[in-house]
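Structure first, then comments.
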Amino acid sequence: MSEPIQPITLPPMSNPQQEGKWLQAALHQWLDREFLPEAVNQQIAERATQIFVRQRLEGENDLGCLVIAIVTEMQAFDFSKSFYGEFAIANAVSDLLLDSLGIDRCCGQ
């Protein structure tokens, strides 16, 4: 029997502007690298970062809750000019954050 995956809690936000800049740049770079560099990638990265920073400023530190918030709010984004959708964006944000914290994405350890 496998153990349930433990929730991942991010450290409290100490510098929202710096954290937002990092996430926006990292997500934009990821978007450009995964498929094609497209103009819409910048808008996607900006919107996802706005959602993330606002959630963090409201005190949300649970990674799962942050991912759900990004999925939910990105549903209103027009992805018609992109290869991506809200789930891919939320998962990319999660992966980038886990990588930055040195957490193995495979097993949540």
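The values are calculated or read from the model by the stated rules, or taken from the named source; none is laboratory data. Values in this document were obtained by computation on a predicted structure and should not be read as measured data. Cβ atoms come from the backbone with ideal geometry, glycine included; neighbour counts cover every protein chain shown. Remember, those area values only see protein heavy atoms, side chains included, never the ligands or the DNA or RNA. Shrake-Rupley method; radii C 1.70, N 1.55, O 1.52, S 1.80 Å.
Computed values, structure above
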read-out	value
Accessible-area composition of the chain, carbon plus sulfur, in percent [1.4 Å probe]	54
Expected-Rg normalisation [2.2 N^0.38 Å, Cα atoms] applied to the chain	1.06
Equivalent ellipsoid dimensions for the range 5-57 as semi-axes, Å, which come from the Cα gyration tensor, largest first	23, 14, 9
Rounded to whole Hz, the Karplus (6.51, -1.76, 1.60) HN-Hα couplings of the range 50-61, x for glycine and proline	4, 4, 4, 5, 4, 4, 5, 5, 7, x, 7, 10
Alpha-carbon spread of the range 59-109, three principal axes, descending order, Å	36, 26, 15
Theoretical gain in end-to-end length, Arg54 to Ile68 [0.36 nm per residue, Cα-Cα removed]	3.7 nm
Surface accessible to a 1.4 Å probe, per residue, for the residues of the chain, Å²	61
Exposed trypsin sites (Lys or Arg not before Pro) absent - longest run of the chain, DSSP non-H/G/I/E/B, at most 12 other C-beta within 10 Å	1-80
Sites matching chymotrypsin sites (Phe, Trp or Tyr not before Pro) across the range 5-41 that sit in DSSP coil, with at most 15 neighbouring C-beta atoms within 10 Å	Phe35
Simple Cβ-charge dipole of the range 21-109, Lys/Arg +1 and Asp/Glu -1, about Cα centre, in debye nearest 20	140
